[in-house]
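Below you'll find the structure, written out as structure tokens, and then a few comments.
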Amino acid sequence: MSKLAFPAIVCGLLSASLPATVSGPAGPFDGTWTLTPAFATTCTAGAVSAGVTVGRVFTRQTEPDSLEIRSDVVASGLGMTFLDIYTLKVHIDSAARTFGFSGPVQGSAQRQGYSGMLSGRLRVQGAFVDPDHIRAQVRTALSISVTTPGGVSSGLCAPFDATIIATRATE
């Protein structure tokens, strides 16, 4: 497998198309946030590994009980860096200022004769603790499979289990 193909596949697995948005006044749950610590994991398939990092997210309440979280995703490895965007829709309780998601996640991509599958479970439980801070517990258990002309390599992503503090970015 080309050393450059794996990060491209990982990045493709994490990408999602963005829905059309209508501009309007920002709500209390809408914003740009920096994460401490950043979400970071390493995925390995065979002899190839790639880092996946999310250091910034954007939130937007799309319905009374739905929050959209868009993430800037950086996949890097073997001297290459790829940027992409991933969107997750989660349930929000506006009165309690809490949100959550627990369930399977899966993505696939094909790039220049290579294909990959990322699958597993994601759990996010969070709360808007004040207008400028979010606290969220994030847990992942992900696996990856990469198919090349030479065969299939499978592996795991390092589990992530940490409390992340998101701070509203000033514009």
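Out of the stretch 37-53, which residues are at pLDDT below 90 and of a type outside the set (S, T, N, Q)?
Cys43, Ala45, Gly46, Ala47, Val48, Ala50, Gly51, Val52
Could you grab the pairs with beta carbons closer than 9 Å, sequence gap of 6+ or different chains, first residue in the stretch 136-152 and free of Cβ contacts under 8 Å to residues at least 24 places away in the same chain, second one outside any strand (DSSP E or B) and crowded, with 18+ Cβ neighbours inside 10 Å?
Gly151/Met1
Within the stretch 56-73, take every residue that is hydrophobic (A, V, I, L, M, F, W, C) and surrounded by 20 or more Cβ atoms within 10 Å (Cβ to Cβ) and give me the one that is modelled with the lowest pLDDT.
Val73
Which one of these is loosely packed, with under 14 Cβ neighbours inside 10 Å and among the hydroxyl-bearing types (Ser, Thr, Tyr): Thr148, Thr163?
Exactly one of Thr148, Thr163 is loosely packed, with under 14 Cβ neighbours inside 10 Å and among the hydroxyl-bearing types (Ser, Thr, Tyr), namely Thr163.
From (1) open to solvent by 50 Å² or more (accessible area, probe 1.4 Å); (2) at pLDDT 70 or above; (3) in a strand (DSSP E or B), pick out the condition that doesn't hold for Thr81.
Tallying (1) open to solvent by 50 Å² or more (accessible area, probe 1.4 Å); (2) at pLDDT 70 or above; (3) in a strand (DSSP E or B), Thr81 fails exactly one: (2).
Taking the criterion of being open to solvent by 70 Å² or more (accessible area, probe 1.4 Å), under 30 Å from Asp130 (Cβ atoms), at pLDDT 50 or above and under 18 Å from the mean Cα position of the chain (by Cα), would at least one residue in the stretch 15-34 satisfy it? Lay out the reasoning, then the answer.
Step one: of the stretch 15-34, the residues open to solvent by 70 Å² or more (accessible area, probe 1.4 Å) are 17-18, 20-23, 25-26, 28.
Restricting the remaining residues to those that are under 30 Å from Asp130 (Cβ atoms) gives 18, 21-23, 25-26, 28.
So of that shortlist, the ones also at pLDDT 50 or above come out as 25-26, 28.
Now restrict to residues that are under 18 Å from the mean Cα position of the chain (by Cα): none.
Checked the stretch 15-34: no residue is open to solvent by 70 Å² or more (accessible area, probe 1.4 Å), under 30 Å from Asp130 (Cβ atoms), at pLDDT 50 or above and under 18 Å from the mean Cα position of the chain (by Cα).
Do you know which of the residues in the stretch 40-53 that are open to solvent by less than 30 Å² (accessible area, probe 1.4 Å) and under 14 Å from the mean Cα position of the chain (by Cα) is nearest to Val74 (Cα to Cα)?
Val52
Tally time: how many residues in the stretch 84-113 are at pLDDT below 90, small (Gly, Ala, Ser) and not in a strand (DSSP E or B)?
Qualifying residue count, the stretch 84-113: 1.
The values are calculated or read from the model by the stated rules, or taken from the named source; none is laboratory data. Note that the coordinates shown come from a computational prediction; the quantities given were computed from them, not determined experimentally. Using ideal geometry, Cβ is built from the backbone for each residue, glycine included, and neighbour counts are taken over all protein chains shown. SASA here: full protein model, heavy atoms, side chains in, ligands and nucleic acids out. Shrake-Rupley method; radii C 1.70, N 1.55, O 1.52, S 1.80 Å.
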